[in-house]
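One structure below.
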Amino acid sequence: MRHLMSPLDFSVEELDKLLDLASDIEANPKKYAHACDGKKLATLFYEPSTRTRLSHEAAMLNLGGSIMGFSSAESSSAAKGESVSDTIRTISCYADICAMRHPKEGAPMVACQHSSIPVINAGDGGHQHPTQTLTDLMTIRSLKGHLGNMTIGLCGDLKFGRTVHSLINALVRYPGMKFVLISPEELRLPGYIRHDVLEKNHVPYEEVVRLEDALPDLDLLYMTRVQKERFFNEEDYVRMKDFYILDAKKMKLAKDDMYVLHPLPRVNEISTEVDDDPRAAYFKQMQYGVYVRMALILTLLEIEV
Ligand code: CP
């Protein structure tokens with residue numbers, strides 16, 4: 001039985017296969033409409049979510065399966081003090097596969113150690129968000145035609161932004177990658193990722209503070225919001241939250257084919273005036289999230305169509 005805790009749980013070849021399957025699902029949705037008849041997905045969300053929870057649910061429904069779950073810790077027995085390990089033992093009796101989001105780093109890992117069904121990490125604290133990475137990889141491959149050989153700017157809250165941590169882990173395995181890390185000093189990428197992931201893999205990167213300085217050289221810009229829920233005090237968040245605002249004027253500095261991605265939700269970091277720019281790819285990106293999660297459910301349940 002396999003789980004998905006980190007993008008590194010899949011080899012590059014397995015990721016390619018999964019993305020191929022997601023593309024086939026996009027092109028031929030009817031072929032997969034009954035692939036999960038009789039199967040049940042549980043979504044165990046101890047933290048708020050719109051896209052990740054509902055796209056997992058849409059994925060299972062599109063495959064002919066059923067869904068159950070909770071969308072906050074307060075509406076589950078966690079509010080009465082139940083542990084993650086006891087909850088997953090319970091869910092293993094009711095469902096065939098589950099997706100878990102939790103504010104504590106490592107909670108889905110604890111779950112998979114006590115689970116008899118596949119567990120998908122749907123985001124754990126400031127650590128990892130591997131299904132967002134699958135979505136991002138499908139988006140990049142669709143827009144650029146390939147993965148690798150590009151300069152990607154990662155902008156915003158690189159300290160707490162788990163989507164960025166997972167994406168870097170996945171992309172360093174492709175050749176010719178270069179990263180431009182765009183953040184204020186206080187929200188720099190954690191040292192363990194700079195040293196253990198980028199430097200260890202000899203992947204070139206530079207750190208800059210001004211988005212304008214980085215924009216002309218980028219093939220792709222990955223914007224992130226400042227993660228309000230991870231700050232210890234409101235004052236620091238308020239000071240940081242509007243540090244970057246991508247607008248139409250800044251987009252003029254970028255290449256004609258520099259696509260803009262964002263895991264969403266957006267707050268102020270991308271002005272709505274950018275939404276109509278043909279390089280704005282973040283709404284397409286969230287649509288891809290359903291296809292990759294359909295492909296992931298099929299892969300983890302070992303269902304071939
Ligand atoms: N991208 C993402 O994780 O969005 P949600 O928080 O809405 O699930």
Point-to-point label distance, Glu74-Ala27, nm (Cα→Cβ direction, 7 Å offset): 4.7
Between helix 84-94 and the chain: long-axis angle, C-alpha atoms, 0 to 90°, nearest 10: 60
Folded to 0 to 90 degrees: helix 51-62 orientation relative to the chain principal axis, Cα: 50
222 nm mean residue ellipticity, helices alone, for the chain (DSSP H n ≥ 4; -39,500 (n - 2.57); rounded to 500): -10500 deg cm²/dmol
Computed label-point distance, nm, for sites His202 and Glu304 using a 7 Å Cα→Cβ extension: 3.8
Gyration tensor (alpha-carbon) shape descriptor, region 189-300, a/c threshold 1.5: rounded
Cα→Cβ-extended label distance, 7 Å offset, between Gln287 and Asp16, nm: 2.7
Residues Lys228 and His195, FRET efficiency given R0 of 25 Å [Cβ-Cβ distance, rounded to 0.05]: 0.35
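Which length gain, in nm to one decimal place, applies between Tyr94 and Asn149 when the Cα-Cα distance is subtracted from 0.36 nm times their residue separation? Working shown, then result.
On the way: separation 55, 0.36 × 55 = 19.80 nm, distance 4.46 nm.
Gain on extension, Tyr94 to Asn149, equals 15.3 nm.
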Where chymotrypsin sites (Phe, Trp or Tyr not before Pro) fall in DSSP loop in region 209-286, at most 16 other Cβ within 10 Å: Phe232
log10 of Debye I(q)/I(0), alpha-carbon scatterers only, for region 1-153 at 0.08, 0.12, 0.17 Å⁻¹: -0.24, -0.53, -1.04
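Based on the Cβ-Cβ distance of His114 and Lys252, what FRET efficiency does E = 1/(1 + (r/R0)^6) give at R0 = 45 Å, to the nearest 0.05?
Values: r = 53 Å, r/R0 = 1.18.
Working from the Cβ atoms, E equals 0.25.
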Acute angle (nearest 10 degrees) that the helix 162-171 long axis makes with the longest principal axis of the chain, alpha-carbon atoms: 80
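Throughout, read-outs are computed from the coordinates displayed, never taken from laboratory work. Keep in mind the model is a prediction, meaning the values are calculated, not measured. We place every Cβ from the backbone using ideal geometry, glycine too, and count neighbours over all the protein chains shown.
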